[in-house]
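S.K.: Below is a structure I'd like to ask you about.
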Amino acid sequence: MTLLSDVEIEKRVQDGSLVINPFDSSSLNGSGYDLRLAAKLHMEAHEHHLVATLERVELGEDMAGTLHIRSSLARAGIFASLALVDPGFRGQLTIALYNAGTAPFNMNKGDRFLQIAFHPLSTKTLRPYHGRYQDSQGTVDTRQ
């Protein structure tokens, strides 16, 4: 599995072949980018919430993304329902979080909570994302 390094991520952001907006170079790490929370969050124990990333991402037709919860949240008992970010996706990401812990959990707007790792594809896809969540803004409930 090939991942883009921090150098390649920043290069692609600069040349426009990858959009992360707003981009903050302090959120870069060796093999990904830490996405931040779009709004303040309070979760009681055993509570579920949908949250949005602060960043809007736009992946080219030659790249996919994998999402990972930050280990500090996992250690606090926070679980996330995560999926592959398809080539061609544009928008803010909506993530389902669950507090499996026994204590309330709080985060502030702008806190890093998720990492996205970028995978270059061997060729451009013939089937870029054109689904119901294209151009999502904010937290988006299930669209049928």
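The values are calculated or read from the model by the stated rules, or taken from the named source; none is laboratory data. None of the values given here were measured: they were computed from a predicted structure. For neighbour counting, all protein chains shown are included, and Cβ atoms are generated from backbone atoms with ideal geometry for every residue, glycine included.
S.K.: Would you call Val7 buried (at least 18 other Cβ atoms within 10 Å of the Cβ) and farther than 14 Å from Ile116 by Cα?
M.R.: Considered against the rule, which asks whether it is buried (at least 18 other Cβ atoms within 10 Å of the Cβ) and farther than 14 Å from Ile116 by Cα, Val7 comes out as no.
S.K.: A further question follows. Go through the residues of region 119-130 one by one and say whether even a single one is in a strand (DSSP E or B) and surrounded by 19 or more Cβ atoms within 10 Å (Cβ to Cβ).
M.R.: No: region 119-130 contains no residue that is in a strand (DSSP E or B) and surrounded by 19 or more Cβ atoms within 10 Å (Cβ to Cβ).
S.K.: Going by the structure shown, is Asp86 of a type in the set (D, E, K, R), over 20 Å from Ser26 (Cβ atoms) and surrounded by 16 or more Cβ atoms within 10 Å (Cβ to Cβ)?
M.R.: Spelling it out, Asp86 is indeed of a type in the set (D, E, K, R), over 20 Å from Ser26 (Cβ atoms) and surrounded by 16 or more Cβ atoms within 10 Å (Cβ to Cβ).
S.K.: Any idea which of Thr94, Thr102 is in a strand (DSSP E or B), surrounded by fewer than 20 Cβ atoms within 10 Å (Cβ to Cβ) and out of contact with any His (no Cβ under 6 Å at 6 or more places or on another chain)?
M.R.: None of the other options fit; the residue is Thr94.
S.K.: Only residues that are touching a residue at least 24 places away in the same chain (Cβ under 8 Å), surrounded by 18 or more Cβ atoms within 10 Å (Cβ to Cβ) and not charged (D, E, K, R): list them for region 28-40, please.
M.R.: Gly32, Tyr33, Leu35, Leu37, Ala38
S.K.: Inside region 49-77, can you point out the residues that are touching a Lys or Arg at 6+ places or on another chain (Cβ under 9 Å), hydrophobic (A, V, I, L, M, F, W, C) and within 24 Å of Thr142 (Cα to Cα)?
M.R.: Passing the criteria: Leu54, Val57, Leu59.
S.K.: Let me ask another. Quick one: which residue in Lys124, Lys109 is in contact with a strand residue (DSSP E or B) (Cβ under 8 Å, 6 or more places away or on another chain) and basic (Lys, Arg)?
M.R.: Lys109
S.K.: Could I ask something else about it? Give the number of residues within region 104-131 that are among the small types (Gly, Ala, Ser) and at pLDDT below 95.
M.R.: Looking only at that region, the number is 2.
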